[in-house]
Amino acid sequence: ELRSPSSSHLDLDLIKAGILLDSGMLFPQESSSREVKELNGLWAFRADRSPTRNQGFQRAWYKSRLAETGPVIDIPVPSSYNDVTQDPNLRDFIGWVWYEREVVVPARWISDGKTRVVLRVESAHYYSIVWVNGVKVTEHEGGHLPFEADIDGLLREDPTTTTCRITIAVNNTLDLHTLPPGSIQYMKDRTMYPEGFFVQNTNFDFFNYAGIHRSVLLYTTPKAYVDDITVVTDFLDSTGLVRYNVSIQGATLVTLKVTLIDKDGHCVVSSNDTSGVLKVVDVKLWWPYLMHENPGYLYSLEVRLNAADGTSTYEDVYSLPVGIRTVKVTKNQFLINNKPFYFHGVNKHEDSDIRGKGFDWPLVVKDFNLMKWLGANSFRTSHYPYAEEILQMCDRHGIVVIDESPGVGIKDIRSFENASLTHHLEVMDELVRRDKNHPSVVMWSVANEPAAEMPPAGFYFQMLIKHTKVLDPTRPVTFITDSNYARDKGAPYVDVICVNSYFSWYHDPGHLEVIQIQLNTQFENWYGKYQKPIIQSEYGADAAPGFHSDPPVMFTEEYQKLVLRDYHSVFDQKRKLYVVGELIWNFADFMTTQGVTRMVGNKKGIFTRQRQPKEAAFILKERYWRLANETGRLPLWTKYPCSH
Ligand code: BDP
């Protein structure tokens with residue numbers, strides 16, 4: 001049952017429920033007091049192919065080695081499981097799959113009662129249950145954010161064995177209240193479909209890859225430890241301000257030392273309080289790539305904790321990278337460090353051959369090199385939160401990020417119900433908790449192209465955006481819209497209007513001549529109604545690499561180029577007024593569900609899925625470097641391109 005927007009009771013409850021996450025989610029890090037053990041590599045794996053997908057639970061597959069209850073295969077972690085075998089049923093599998101790995105835990109982690117041992121999964125899609133030695137330690141809903149469990153108590157129950165068996169069951173089923181939403185449809189007509197036939201319906205345009213997509217690891221902290229750090233930065237003239245708050249678990253009697261260290265390792269300022277404001281003289285600000293000669297400047301906030309609990313003493317050390325910068329929005333500008341910032345960037349996916357959505361360093365590094373080659377200063381994490389390692393790269397390279405929740409494909413009115421809203425608010429909690437300290441993240445996007453014209457959308461987005469602002473009052477919030485401005489119920493609540501449009505593609509296919517007039521109308525309408533800065537958050541056209549024609553026709557590289565050219569000419573008029581950014585759809589070709597409009601996936605990439613340029617990439621490269629020259633300051637190496 002949906003309640004009306006006037007229900008202030010629900011309003012408060014939801015907002016309170018949200019900020020009650022009771023622990024931090026600091027990125028695991030080695031330090032003098034912490035160890036990390038990655039559990040990546042081959043795991044034993046079995047898909048539960050029983051008709052109900054429930055056999056694993058009925059037969060308690062977590063209670064013994066997976067190989068004892070049936071056949072297992074090798075599956076790599078991290079990776080999607082879909083594309084690594086020759087089995088079409090596994091590629092398209094829907095339901096529970098089971099992963100298992102045996103690990104030898106260093107004996108001293110167990111013998112030393114002062115040590116806390118945490119099992120962490122950086123992400124698994126979509127619903128996960130985790131057992132250690134047959135005992136359930138946690139479960140988690142959501143495919144793109146980390147979760148963890150303390151397991152030292154369990155390990156110490158039998159201190160004679162240092163081997164521990166980790167079992168993770170993962171289910172990729174999407175329903176009306178998951179994020180993204182979906183629905184399972186059973187086909188009962190036996191003249192048409194075989195026994196038990198069902199499909200997973202979704203309303204989003206990417207393959208629903210599944211499995212353990214990011215690292216699994218064990219890490220230690222002392223029993224008294226730095227649980228969370230929150231940093232908010234500002235500056236006044238040449239003085240930087242770092243407002244911080246440290247939360248501690250496991251001890252009441254503590255002494256703390258917080259030290260801000262510059263890139264050369266010099267201590268800049270320190271304090272002994274758990275929260276406060278650090279003043280940084282002659283601050284070096286964090287600047288975006290192509291806006292400053294020295295982008296991505298990071299200090300390091302070292303938090304050193306000494307604690308005692310009567311019997312023992314503890315020391316914990318955690319270092320958080322800190323970029324000092326501000327973000328502000330006016331009625332027609334997006335300001336970083338009080339200077340107008342123009343987004344010239346891309347939309348991405350976590351997607352590649354064989355791995356699917358599995359995290360892969362070579363791919364991450366290649367993508368960053370391509371973005372820098374292109375002259376892109378930003379991207380949007382369409383359509384879900386990306387691995388935190390990617391945000392760390394953005395912090396260091398000065399690539400600006402619009403951080404998006406998995407709220408994509410919200411098209412069914414039942415997906416606006418309270419169950420959905422409550423979960424969506426929780427996801428925002430988890431997202432902000434994980435990403436709040438990244439200087440590269442300059443805006444939250446709560447959803448992509450929801451059915452914003454439906455009556456409940458206004459209330460839903462008002463709640464979501466309000467809540468996100470409570471979580472983080474320092475960053476603007478948006479959602480990405482595609483609908484008619486006049487019917488958009490959520491737009492009054494956003495700080496920046498983000499619009500996707502596909503003129504001469506989904507509308508008026510083949511008619512390049514409509515682009516300029518329609519795009520102009522789009523901008524005038526939105527700005528006229530809301531007087532807020534606008535980002536063209538998607539535009540583009542499919543091009544099958546190697547397809548050519550002149551005069552151009554759809555799906556050729558020429559047509560894709562011309563779509564870009566016509567969009568760009570309107571951007572060039574409007575960016576002088578209120579358009580503050582343009583993000584191409586898409587950085588690279590990516591896999592989708594099979595369908596008659598998708599030929600082996602979506603081909604709107606300016607790079608192929610293998611990261612080779614189509615002709616459009618050169619158009620964009622030329623443009624982005626020109627924009628950088630006009631609006632920013634190029635890094636020194638660009639002055640000597642031959643030596644680079
Ligand atoms: C947009 C969606 C994006 C799609 C794109 C397309 O936001 O996820 O992939 O259309 O159709 O509306 O290529």
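Non-local amide H neighbours of VAL400 (under 5 Å, H modeled in plane, Pro and chain starts lacking H): which ones?
TYR289, SER378, PHE379
Sorting SER415, SER33, SER569 on the 10 Å Cβ count, fewest up front, what's the list?
So the residues, fewest neighbours to most, are SER569, SER33, SER415.
Based on Cα coordinates alone, diagonalise the gyration tensor for the range 510-644, multiply each eigenvalue by 5, take square roots, and list the semi-axes in whole Å, largest first. Don't skip to the end; give the middle numbers.
On the way: eigenvalues 128, 107, 39 Å².
Listed largest to smallest, the semi-axes of the range 510-644 are 25, 23, 14 Å.
Which number do you get for Rg(Cα) / (2.2 N^0.38 Å) in the range 490-545? Show your work: numbers first, answer last.
Working: Rg = 12.9 Å, N = 56, 2.2 N^0.38 = 10.2 Å.
The range 490-545 yields a ratio of 1.27.
Counting Lys and Arg as +1 and Asp and Glu as -1, each charge on the Cβ, what is the dipole of the chain about the Cα centre in debye, to the nearest 20? Provide the component values of the computation, followed by the final result.
On the way: 68 positive and 78 negative charges, 146 e Å.
Dipole size: approximately 700 debye.
Calculate I(q)/I(0) for the range 546-609 by the Debye formula, one identical point scatterer on each C-alpha and no solvent, and give its log10 at q = 0.24 Å⁻¹ to two decimals.
Computed log10 I(q)/I(0) values: -1.04.
When only C-alpha pairs under 8 Å and at least 6 residues apart count, what is the relative contact order of the chain, in percent? Intermediate values should be presented prior to the final figure.
Details: 1455 pairs, mean separation 82.2, N = 644.
Value for the chain: 13 percent.
Rounded to the nearest 500, what is the chain's calculated 222 nm mean residue ellipticity when only DSSP H runs of at least 4 contribute -39500 (n - 2.57) each, over all residues? Mind showing how you got there, number by number?
Details: 12 runs with 138 residues, N = 644.
Computed mean residue ellipticity for the chain: -6500 deg cm²/dmol.
With θ taken as phi - 60° and the coefficients 6.51, -1.76 and 1.60, list the Karplus ³J(HN,Hα) couplings across the range 208-225 in order, rounded to whole Hz; mark glycine and proline as x.
Listing the rounded values in order: 7, 4, 9, x, 8, 8, 10, 4, 10, 8, 10, 9, 10, 9, x, 4, 9, 8 Hz.
For the range 475-572, what Kirkwood radius comes out of the mean inverse Cα-Cα distance, in Å? Present the calculation step by step, with values, prior to reporting the outcome.
Values: mean 1/r = 0.0698 Å⁻¹.
After inverting the pairwise mean of 1/r, the radius is 14.3 Å.
What number does the chain give for Rg over Rh if you use C-alpha atoms and the Kirkwood radius? Please report the intermediate quantities before stating the final value.
Working: Rg = 25.1 Å, Rh = 26.1 Å.
In the chain, Rg relative to Rh is 0.96.
Report the equivalent ellipsoid semi-axes for the range 301-371 in whole Å, largest first, defined as the square roots of five times the eigenvalues of the gyration tensor built from alpha carbon atoms. Show your work: numbers first, answer last.
Values: eigenvalues 278, 145, 20 Å².
They are 37, 27, 10 Å, listed from largest to smallest.
Please label the shape of the range 172-246 as rounded, prolate or oblate, based on the square roots a ≥ b ≥ c of the eigenvalues of the alpha-carbon gyration tensor (a/c under 1.5 means rounded; beyond that, a/b larger than b/c means prolate, else oblate). Display every interim value, and only then the final one.
Numbers: a/c = 4.68, a/b = 2.47, b/c = 1.89.
In terms of gyration-tensor shape, prolate.
Got a sec? Charge dipole of the range 59-216, +1 on Cβ for Lys and Arg, -1 for Asp and Glu; which of VAL216, VAL97, HIS144 is way out at the positive end?
Value computed over the given set: VAL216.
Tell me which residues come under 5 Å, amide H to amide H, from ALA588 once H is placed; ignore anything under 5 positions away on its chain.
For ALA588, the qualifying residues are HIS349, ILE606, PHE607.
Skipping prolines and chain starts, which residues have an amide H placed within reach, meaning under 5 Å, of the one on PHE479, given they are 5 or more residues away or on another chain?
The list, which skips near neighbours in sequence, is VAL446, CYS498.
Pairwise over distinct Cα atoms, reciprocal of the mean inverse distance: report the Kirkwood radius of the range 115-168 in Å, one decimal place.
11.7
Sorting check: for 374-385, 603-614, 521-532, which peptide has the highest mean count of neighbouring beta carbons within 10 Å, and how do the rest follow?
Working: 374-385: 25.4, 603-614: 20.6, 521-532: 16.2.
Top to bottom by mean Cβ count within 10 Å: 374-385, 603-614, 521-532.
Quick one: 3J(HN,Hα) in Hz for the range 586-593, Karplus 6.51/-1.76/1.60 with θ = phi - 60°, rounded, Gly and Pro as x.
Each residue's phi maps through the Karplus curve to give 9, 3, 9, 4, 8, 7, 10, 5 Hz.
What share of Cα pairs, in percent, lie more than 20 angstrom apart in the range 260-407? Working shown, then result.
Working: 6465 of 10878 pairs.
Percentage above 20 Å: 59.
All of the numbers you see were taken from the coordinates with simple rules; none came from a lab. Note that the structure is predicted; figures quoted are calculated from it, not measured. Ideal geometry is used to build each Cβ from the backbone, glycine not excepted, and the neighbour counts take in all protein chains shown.
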